[in-house]
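Down below is the structure, laid out as structure tokens.
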Amino acid sequence: MNEKLTALIIEDEKNICRFIETALSKEGYQTAKAYTASEGLSLISSLCPDVVLLDLGLPDMDGMEIIRKVRQFSHTPIIVISARTMEAEKVAALDAGADDYVTKPFGTSELMARIRTALRHSRPLKEERSEYRCGGLVIDFEKRLICLDREVIHLTQIEYKLVSLLARQAGKVLTYDYLMQQIWGPYSDGSNQILRVNMAHIRRKLEKNPADPQYIFTEIGVGYRMREE
Ligand code: CA
């Protein structure tokens, strides 16, 4: 696999956080951690993790509230890790939009299995195309692999998400607002600066001449459009 999958751990107990982090690293995941809800929320919008492991009892906000907030802008799988064992708590978390619920104490193999399941469910549906091909540019959405003229191109998580959003809707103009909302959610600063910066990086990697793009076009004042296959 080209890009490592990123897991974000939101957990205020540092020992548990470290324990999960070690287990995930061993399995080849890239990890990020947050000890508070607000830190966690901003990491979800800046990092776009592939999976979120969430403790419900956090110092600044209840985990249930976080689930609701995240679901307003992201479909990233959320696995709740909690000491709360009441059936009603589990049901409420799942209803709020969590994908799974693991009760403390738990074993690492159980946790890893649940992460794999959550990731499988979040993968693109079968009817969605699994590939974009145009000129020398090939994007394999399942492997998260981008090749240009047969060479693998390394993109950051955010760059990859931007390119794949555009490629999946190639030919359509995606507006600045839509892209901002999809990638950074409501926790962006409201300007498009971060989008422009990322797009400039992408162009440097994908376009032979960024001033005369062949793959991603700017619709001035509106947004970006990817060349149709
Ligand atoms: Ca806690």
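Counting only residues that are within 15 Å of Cys17 (Cα to Cα) and either touching a His at 6+ places or on another chain (Cβ under 8 Å) or acidic (Asp, Glu) (or both), how many does the range 46-67 have?
Going through the range 46-67 one residue at a time, the tally reaches 1.
Of the residues Ile115, Ile158, only one is out of contact with any Leu (no Cβ under 7 Å at 6 or more places or on another chain), closer than 19 Å to Glu207 by Cα and assigned to a helix (DSSP H, G or I); which?
Result of the check over Ile115, Ile158: Ile158.
Checking Thr22 against (1) in contact with a Ser or Thr (Cβ under 7 Å, 6 or more places away or on another chain); (2) surrounded by fewer than 22 Cβ atoms within 10 Å (Cβ to Cβ), which single condition isn't satisfied?
With (1) in contact with a Ser or Thr (Cβ under 7 Å, 6 or more places away or on another chain); (2) surrounded by fewer than 22 Cβ atoms within 10 Å (Cβ to Cβ) applied to Thr22, the lone miss is (1).
Going residue by residue through the range 55-64, is there one that turns out to be surrounded by 14 or more Cβ atoms within 10 Å (Cβ to Cβ), under 29 Å from Val197 (Cβ atoms) and of a type in the set (A, V, I, L, M)?
no
Can you find a residue that is in contact with a His (Cβ under 9 Å, 6 or more places away or on another chain), in a loop (DSSP other than H, G, I, E, B) and aliphatic (A, V, I, L, M) anywhere in the range 190-211?
no
Among the residues of the range 138-155, write down those that are surrounded by fewer than 16 Cβ atoms within 10 Å (Cβ to Cβ), of a type outside the set (D, E, K, R) and not in a strand (DSSP E or B).
If the condition is that a residue be surrounded by fewer than 16 Cβ atoms within 10 Å (Cβ to Cβ), of a type outside the set (D, E, K, R) and not in a strand (DSSP E or B), then His154 is the only one that fits.
In the range 105-136, what residues are modelled with pLDDT of 80 or more and among the charged types (D, E, K, R)?
Answer for the range 105-136, where residues must be modelled with pLDDT of 80 or more and among the charged types (D, E, K, R): Glu110, Arg114, Arg116, Arg120, Glu131, Arg133.
Those residues that are part of a loop (DSSP other than H, G, I, E, B), within 16 Å of the ligand (Cβ to nearest atom) and among the charged types (D, E, K, R), I need them from the range 83-102; list them, please.
Passing the criteria: only Arg84.
Hey, can you tell me all the residues within the range 83-112 that are free of Cβ contacts under 8 Å to residues at least 24 places away in the same chain and within 16 Å of the chain's Cα centre (by Cα)?
Listed by number, the list holds a single entry, Asp99.
Among the helices (runs of 4 or more DSSP H) lying completely within the range 1-82, list those that include at least 2 residues that are among the small types (Gly, Ala, Ser) and either away from the ligand (no atom under 16 Å from the Cβ) or within 19 Å of the chain's Cα centre (by Cα) (or both).
The helices (runs of 4 or more DSSP H) meeting that bar are 14-26, 37-47.
Out of all the residues in the range 195-222, which are of a type in the set (A, V, I, L, M, F, W, C) and touching a residue at least 12 places away in the same chain (Cβ under 8 Å)?
Within the range 195-222, Leu195, Met199, Ile202, Leu206, Ile216, Val222 qualify.
The values are calculated or read from the model by the stated rules, or taken from the named source; none is laboratory data. Just so it is clear, the model here is predicted, and its values are computed rather than measured. Backbone-built Cβ (ideal geometry, glycine too); neighbour counts: all protein chains shown.
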